[in-house]
Each structure stands twice: as structure tokens, then as C-alpha cells.
1. Considering every residue within segment 119-132, establish whether at least one is part of a helix (DSSP H, G or I), out of contact with any Cys (no Cβ under 6 Å at 6 or more places or on another chain), away from the ligand (no atom under 16 Å from the Cβ) and β-branched (Val, Ile, Thr).
2. Can you find, within segment 271-288, the residue that is surrounded by the fewest Cβ atoms within 10 Å (Cβ to Cβ) among those that are more than 12 Å from the ligand (Cβ to nearest atom) and modelled with pLDDT of 95 or more?
3. Going by the structure shown, is Lys89 in contact with a strand residue (DSSP E or B) (Cβ under 6 Å, 6 or more places away or on another chain), without any contact (Cβ under 8 Å) to a residue 60 or more places away in the chain, more than 16 Å from the ligand (Cβ to nearest atom) and among the charged types (D, E, K, R)?
4. Lys29: over 20 Å from Lys143 (Cβ atoms), loosely packed, with under 15 Cβ neighbours inside 10 Å, basic (Lys, Arg) and within 15 Å of the ligand (Cβ to nearest atom), yes or no?
5. It is to be established whether one or more residues within segment 295-309 are away from the ligand (no atom under 16 Å from the Cβ) and at pLDDT below 95.
6. Hey, can you tell me all the residues within segment 310-354 that are touching a Lys or Arg at 6+ places or on another chain (Cβ under 7 Å) and basic (Lys, Arg)?
7. Among the residues of segment 32-60, how many are out of contact with any Pro (no Cβ under 6 Å at 6 or more places or on another chain) and within 16 Å of the ligand (Cβ to nearest atom)?
8. Within the set of pairs 6+ apart or on separate chains, which have a first residue in segment 205-229 that is farther than 19 Å from Ala255 by Cα, a second that is in a helix (DSSP H, G or I), and C-beta atoms under 6 Å apart?
Amino acid sequence: MKQFDVPVFYRSPLISAIKRKRKEKDKLKKDFSPTFLDFGPVQIYLARHFGFCYGVENAIEIAFRTIDQNPGKRIYLLSEMIHNPQVNKDLLSRGVHFLQDTHGRQIIPFADLTPDDIVLIPAFGTTLEIEKKLNTIGIHTEKYNTTCPFVEKVWNRSEVIARKEYAIVIHGKPTHEETRATFSHAAFNAPSVVVKNMAQTIELAKYITGEKPAEDFYEEFKGQYSANFDIAKDLDRLGVVNQTTMLASDTQAIADYLKQVMIEKYGLTKETLADHFADTRDTLCYATNDNQTSVSQMLHTAADFAIVVGGYNSSNTSHLVELCEEKLPTYFVSSAEKILSRDKILHYNFHSRQELLTRDFLPDHTPVRILMTSGASCPDALVEQVIEKITGFFNDTIPTDQVAANFLLV
Ligand code: SF4
């Protein structure tokens, strides 16, 4: 895979060495077992795959290069570059401004822009409407477009489905930048509707089967369907795509559920299934799949707790947390600073959207065994800082360089 020029302060010597070695030993990516790091009184099991993905590294490279090559120019980001507070803070401190917040609310009016300005499109992509607005102002975004190719792949898949005259059901978070962009591209080609989870899919299915009156749909799914959507006929033929960072098992369950609804409604057989249901694979990206599979493997190891590092509004990170918390106490932290002391940790509960304080999170016994991973938008340097913070609470720990050397010798 292509190597990107990412600022060195986002890298971690320890983690880069681990990733290099694991890659050398497992070129075909078949081994998803965690990496064992023995610090003596603390033992850490690091997920096989975590941290910056292709799309994030690509976006960071383009953003920092744009800043370097355009001194004196006004540089804007359409919204958060990626969902990591550290990276966004670094860009803001270099003079970049955000035009919208992460939910699409305007911070700086488009009317303030001039054709001389630079507008960076984030890794999530953007809507056709915004692209058109920028072009009308005279801003051409092609050179500064960091849309991840794996997001564009979802748009292409929707186009293929639309060409076969299926409506498109998008499994995603309706207000997430990527889902808004995918919805816009899908809706350009076909009637489209977003479902955020299985509960909403079950409700949508009731309109397909006629269990619910058609007129209720427009209120219940307000803001989640394309213009002129006709619930009475548009879902006669449908295909499912999804936000690239959803939980694989959730998307699978949603697609399977809708398939079954169509089979029962139309009495479909294997031969006639395609008349009403586009039987395609999910559109999760490789990083989501690798990171979720790595966490599932890591969870076979008994441990005291798990730590997941990442931005609180990061979709892919929250799904890693979801997987871990099914098995053991899990702390979702955005940086090492959230570990306040040996006794206190501030961590995010993404269900209630609150930061919580937990006391006595470290057990009394040693060795303390910790499972650790991070989201696709989290710099490895932050993960190393979390490791350093925790090991710093113990006496007689094996120094990091020795742990790294031991690991590299294996
Ligand atoms: S998580 Fe996947 S789709 Fe999103 S930027 Fe990374 S590689 Fe691209």
C-alpha cells in the first residue's frame, strides 16, 4: 500500500517498529492475534491492526502539504478533517479555518469565500450540493479533495445499484459527514433512504409490507429520504450500502433482514431474488474490517480491562469500544491526559455521550493485563503516550526500548 508523508510527531517509534515487524512476518494479513508487550507489572496486548488508515494518512498528507505550499493564502476545511481532536487542533493552529461543524452547521458563511481561497474537502467527502456551491463561487476543489477512495467506492456501488433501477438503503449515521455525502451521491441516481440501526430498519420494513400507513413514513424518516421519495413504490426493488465504518455484524444483520422481508413479500426464490433485492456485499472499508477483526481476536485474551484511544465523535472507534465492552470493562479515552492519576480515569460513554470519571480503574494485583487499540483516525503517538502514562504508575517496569527490543528479537 502507498506510503504517505505524515508529520513525524504523529508517529510512535515503538508502534512503528511493531507494525513493521508484524507486517514483515505476516505479509498476507492472515494473523489477527494481538501483540504482547511485557512491561513486567503491566502487560499490554495491542490489537494487530489499529491507527491511521489509508484515507486518513492521505488526507493528512494533502492538508499539511497544502499549508506548506500556500503561505499567505486563506485555507479552509469544509469541516473536521478527520474525527481526531489532536489532528484538527494542529490544523487550526496552523491557520486553517473550519467552514462547518461536524453536523453540517455553518461556522463561516460560504458568502465570505473568494475564488482565491483554498477549501479542503475532508476524508469523508462532501455532498454534491456543497461541491456545486463552491464551484459557483469559483473555488475548484479537485486539487484539495482528500475524499477517501474507499468512500468513493461506496458512491460507485450506489451508482451501479441505481443503474439497475434499485432504490438505495444506506446503513449509516444520518448526521455523520460521510453518510450525508453518500446520501447526496446516492440520491442523485436513485430514490434513497438512510437507516441508522436495526430498530429503524424494522420500522422501514413495516412500510414495505404495508403494516404501517405510507403517510407516516415521511414524518418518521424526516431528513433521511431523498426528494420525491414515494414509499408506496420506491422500495419495490432495493439494494443496501453502508457507511464505511459501521459494525460489520450490524450491517450484515440489516441486509439479511431486508432480504428476508423482500423474499417473503414477493415469494422470491434464489433465481428471482435479484428482481427485488440487489444481493451485494457490504461497503465497509478494509481498515474497519481489519480493526474489528483484530479486536475480536484480541478479546480471546483474558485481561483486566481494555483501553480504546480515539476521538469521541469517531464512528469507527466507537464500534471498537462496542465490541470490547461486551467482554470486559472498557475505557474510551481521547488522549493520555484523560488518565488523571493511578486512581482516576476520565473516559467517554458514547451511548450517553458523556465523559465519566471512574476511580480505582487499576486492579490491586500485578501483572495488570490490558487490551489496547485505537481508531483509524488516531495517531500512534497518542497510543504510546497512553502506554507510557499507565506504565509510569508502576515501579520496576521494563523500559520501553527494552520491551521493543525484546519484541523485535522474537
Ligand atoms: S476509515 Fe476507511 S473509509 Fe474512512 S478514511 Fe479510513 S480507509 Fe477511508
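The values are calculated or read from the model by the stated rules, or taken from the named source; none is laboratory data. From a predicted model like this one, the values you see are computed outputs, not experimental measurements. Positions of Cβ are backbone-derived with ideal geometry, glycine not excepted, and every protein chain shown enters the neighbour counts.
1. From segment 119-132, those part of a helix (DSSP H, G or I) are 128-132; that's our starting set.
Imposing the further condition that a residue be out of contact with any Cys (no Cβ under 6 Å at 6 or more places or on another chain) reduces the set to 128-132.
Checking the rest, the ones that are also away from the ligand (no atom under 16 Å from the Cβ) come to 128-132.
Retained after the next criterion (residues that are β-branched (Val, Ile, Thr)): 130.
Among the residues of segment 119-132, at least one is part of a helix (DSSP H, G or I), out of contact with any Cys (no Cβ under 6 Å at 6 or more places or on another chain), away from the ligand (no atom under 16 Å from the Cβ) and β-branched (Val, Ile, Thr), which makes the answer yes.
2. Pass one, segment 271-288, residues more than 12 Å from the ligand (Cβ to nearest atom): 271-282.
Next, only the ones that are modelled with pLDDT of 95 or more stay: 271-278.
Values: Glu271: 7, Thr272: 12, Leu273: 15, Ala274: 14, Asp275: 12, His276: 19, Phe277: 22, Ala278: 23.
Of everything passing the filter in segment 271-288, Glu271 is surrounded by the fewest Cβ atoms within 10 Å (Cβ to Cβ).
3. Numbers: in contact with a strand residue (DSSP E or B) (Cβ under 6 Å, 6 or more places away or on another chain): no; without any contact (Cβ under 8 Å) to a residue 60 or more places away in the chain: yes; more than 16 Å from the ligand (Cβ to nearest atom): yes; among the charged types (D, E, K, R): yes.
Against the criterion (in contact with a strand residue (DSSP E or B) (Cβ under 6 Å, 6 or more places away or on another chain), without any contact (Cβ under 8 Å) to a residue 60 or more places away in the chain, more than 16 Å from the ligand (Cβ to nearest atom) and among the charged types (D, E, K, R)), Lys89 does not qualify.
4. On the way: over 20 Å from Lys143 (Cβ atoms): yes; loosely packed, with under 15 Cβ neighbours inside 10 Å: yes; basic (Lys, Arg): yes; within 15 Å of the ligand (Cβ to nearest atom): yes.
Yes: the conditions hold for Lys29.
5. Start the filter on segment 295-309 by keeping residues that are away from the ligand (no atom under 16 Å from the Cβ), which leaves 296-307.
After this cut, where a residue has to be at pLDDT below 95 as well, the list is none.
No, segment 295-309 has no match at all.
6. Going residue by residue through segment 310-354, those that are touching a Lys or Arg at 6+ places or on another chain (Cβ under 7 Å) are 315, 336, 339, 343-347.
Within segment 310-354, Lys344 is the sole residue that qualifies.
7. 12
8. Lys212/Lys206; Phe217/Tyr207; Ser226/Ala187
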